[in-house]
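**Student:** Take this structure, written in structure tokens, and hold onto it; I'll ask about it next.
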Amino acid sequence: MITTNQIEQLVEMPEVFERAEDRERREWAENSGDYAFGVLRFLQGRRQNEISLAEVLTTQTYMRSTQREKDALRFVAAQSEQRHLVSDEDRRRLIERDSFLIKFVAGEHLGHQDWVTELQAIPAGVARAQAVDAAMFQTTYRAPILFRGIWGR
């Protein structure tokens, strides 16, 4: 037997359905995945493996990031795939790029103009990704701008 109170509860609870694709896009935007992806790709450089979550947590970039930026880095890194064991060379490359990024933010340009160009291209890459998203989907999701210290915004 259904009471009046139970019927009211059923009526008051609207069901909200979100397609898996929309949920993924929304979560990606809310976590500013495009910016975090750009930073992680810079740190990855020419390594065979994507940077794992465990590796991200050891970087100076992560340690010096705001809480929101840390959340974004963890969100994107958690989706990475380790196809091969991480080599000593992979670790060395990560340390080298991480150190460069920290010095770059501090205003210490130590050569590597191609790395500077890579870093400065991240916001344009994010804008392109967001434009593609807007052109392909009816619903777009707003992403906060993170890592402003890197490109001086």
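The values are calculated or read from the model by the stated rules, or taken from the named source; none is laboratory data. Just so it is clear, the structure is predicted and the values come from calculations on it, not from any experiment. Neighbour counts are summed over all protein chains in view; Cβ atoms, including those assigned to glycine, are modelled from backbone coordinates with ideal geometry. Side chains are part of the model used for accessible areas, which takes the heavy atoms of the whole protein and leaves out ligands, DNA and RNA. Shrake-Rupley method; radii C 1.70, N 1.55, O 1.52, S 1.80 Å.
**Student:** Among Asp98, Asp71, which is the only one that is open to solvent by less than 40 Å² (accessible area, probe 1.4 Å), acidic (Asp, Glu) and within 19 Å of the chain's Cα centre (by Cα)? It would help to see each step written out before you state the result.
**Tutor:** Numbers: Asp71 fails: open to solvent by less than 40 Å² (accessible area, probe 1.4 Å).
Of the residues listed, the single one that is open to solvent by less than 40 Å² (accessible area, probe 1.4 Å), acidic (Asp, Glu) and within 19 Å of the chain's Cα centre (by Cα) is Asp98.
**Student:** Return the residues of the range 129-151 that are more than 30 Å from Phe100 (Cα to Cα), in contact (Cβ under 8 Å) with a residue 40 or more places away in the chain and not in a loop (DSSP other than H, G, I, E, B); say none if nothing qualifies.
**Tutor:** Result: Asp133, single match.
**Student:** Given the conditions (1) touching a Lys or Arg at 6+ places or on another chain (Cβ under 8 Å); (2) at pLDDT below 85, and given that Tyr62 satisfies all but one, which numbered condition is not satisfied?
**Tutor:** If we test Tyr62 against (1) touching a Lys or Arg at 6+ places or on another chain (Cβ under 8 Å); (2) at pLDDT below 85, just (2) comes out false.
**Student:** Further question on the same structure: Look at Arg47 and say whether it is over 17 Å from Pro123 (Cα atoms) and in contact (Cβ under 8 Å) with a residue 12 or more places away in the chain. Walk me through how you get there before you give the answer.
**Tutor:** Working: over 17 Å from Pro123 (Cα atoms): yes; in contact (Cβ under 8 Å) with a residue 12 or more places away in the chain: yes.
Answer is yes for this residue.
Conditions tested, residue by residue: (1) among the basic types (Lys, Arg); (2) over 19 Å from Gln60 (Cβ atoms).
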| site | (1), (2) |
| --- | --- |
| Val76 | no, no |
| Arg91 | yes, no |
| Phe104 | no, no |
| Gly107 | no, no |
| Gln113 | no, yes |
| Ala135 | no, yes |
| Ala143 | no, yes |
| Leu146 | no, no |
| Gly149 | no, no |
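**Student:** Which residue is modelled with the lowest pLDDT, if the candidates are limited to the range 102-127 and must be loosely packed, with under 12 Cβ neighbours inside 10 Å and either in contact with a Gly (Cβ under 6 Å, 6 or more places away or on another chain) or of a type in the set (D, E, K, R) (or both)? Reasoning before the result, please.
**Tutor:** So in the range 102-127, the residues loosely packed, with under 12 Cβ neighbours inside 10 Å come out as 106-108, 110-111, 113-114, 117, 124, 127.
Checking which are either in contact with a Gly (Cβ under 6 Å, 6 or more places away or on another chain) or of a type in the set (D, E, K, R) (or both) leaves us with 108, 114.
Values: Glu108: 85, Asp114: 90.
The extreme case among them is Glu108.
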